[in-house]
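Only one structure is covered here, and it is reproduced in the block below.
The values are calculated or read from the model by the stated rules, or taken from the named source; none is laboratory data. Just so we're clear, the structure is a prediction, and the values are computed from it rather than from any experiment. Note that we place each Cβ from the backbone using ideal geometry, even for glycine, and neighbour counts take in every protein chain shown.
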Amino acid sequence: MSEPSPQAYFLPSPSPWPVIAAVSVFSILLGAGMAVNGLFPGVVFIILGFALFGYLLFAWFGDVVRESMAGLYSEKVDTSFRQGMVWFIASEVLFFLSFFGALYYLRNVAADWLTGKGYLAGTHELLYNQFFAQWPKTGPGVRETYTPMKAWGVPAFNTIVLLTSGATVTWAHWGLKSENRKLLVRGLIATIFLGLLFVTLQAWEYQEAYQHLNLTLKSGVYGSTFYILTGFHGMHVTVGAIMLAAILGRSFKGHFTPRNHFAFEAVAWYWHFVDVVWLGLFIFVYML
Amino acid sequence: MPLTFKLPALILAALIVVVLGEALYFLSKDHGDKDKMRVARALSLRVTLALVLFLLLVGGALLGYIKPHGIE
């Protein structure tokens, strides 16, 4: 097919995928809400939601790939893809910053007030005069005891796993640039494997936390911040691994050339981002 | 935590974020030109810096500069 003019803008035909995306995510969240409240159909909704979401990714990615391979995307479309990526990442940065910010606020601002410092010092005198600032802490009013997660062991090993995956995806990147498909494919396979290993170890860590450390979502502010930060990060690793798998499939088919490979670079960059977020988690959640 | 340890760690962390941001900027500007290796180069540097930071953290913990809160 002939190249579209650089100024031409491809207009896709109406697509069902955004609506199906909304339905699948709603089903997952509804199911999760029911499950944490002990209602049986919750699990069913979660499974159905994920199945629909998986199908959606496969079908939607397929549409975009077909359009790309048919040469429908002009330079202008390429620019909008790149700009879309930048805005998506901006939202991701703010998403994680808000959770890191919550952790900072709890440890450095709220804890001081509850200890009797600052302009809300009266809270300590009137309500929580037994409270002293120390981290990890459940916060006032939570009596349950737990053991905090140690930095060394699974979290440190997972840091090595993700750092290595950053290296293997870079390996694949250089393979693509030097037209070495074998290197590209091997690098991607290694990265996906390391990503799945990370998520598996994270799941095992959660199981240990619940069964042996009594560290749960009910463990006050420490438990809440621990699970919300590591949980959302784990979700991002899972999504990244799915996207890498899509890129691997395309690499097998030889879709990428040293000149045309935005999809690869966007996913590779996303993987590096997830890796950097983990470094922040390792330092601020597990170590300090 | 002594400043001689804290300062390099902070500089490294800041550099990682800057280099990652730089790679994103190159990603938005370089339209897949074969000769343009800027994204790959920046991301390679990012991995190297992250590795150095991790080794620094491990070294700091081994030397007792940082005491992870989970260790009893």
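Tabulated values for the structure
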read-out	value
Single residue of region B:39-72 satisfying the filter (charged (D, E, K, R) and at pLDDT 90 or above) that is surrounded by the fewest Cβ atoms within 10 Å (Cβ to Cβ)	B:Arg41
Options A:Ile20, A:Ile47; residue that is surrounded by 14 or more Cβ atoms within 10 Å (Cβ to Cβ) and at pLDDT 90 or above	A:Ile20
For A:Thr257: the one exception among (1) within 14 Å of another protein chain (Cβ to nearest Cβ); (2) surrounded by fewer than 16 Cβ atoms within 10 Å (Cβ to Cβ); (3) part of a helix (DSSP H, G or I)	(3)
Unique residue being surrounded by fewer than 20 Cβ atoms within 10 Å (Cβ to Cβ) and within 20 Å of the chain's Cα centre (by Cα) when the list is A:Thr200, A:Thr191, A:Thr230, A:Thr216	A:Thr200
Flag if B:Ile16 is modelled with pLDDT of 95 or more, in contact with a helix residue (DSSP H, G or I) (Cβ under 7 Å, 6 or more places away or on another chain) and facing chain A (nearest Cβ under 7 Å)	yes
Members of region A:132-149 found to be within 20 Å of A:Gln211 (Cβ to Cβ), within 13 Å of chain B (Cβ to nearest Cβ) and surrounded by 17 or more Cβ atoms within 10 Å (Cβ to Cβ), listed by number	A:Pro136, A:Tyr146, A:Pro148, A:Met149
Filter pass, A:Glu179 being surrounded by fewer than 18 Cβ atoms within 10 Å (Cβ to Cβ), acidic (Asp, Glu) and either under 30 Å from A:Glu75 (Cα atoms) or touching a residue at least 12 places away in the same chain (Cβ under 8 Å) (or both)	yes
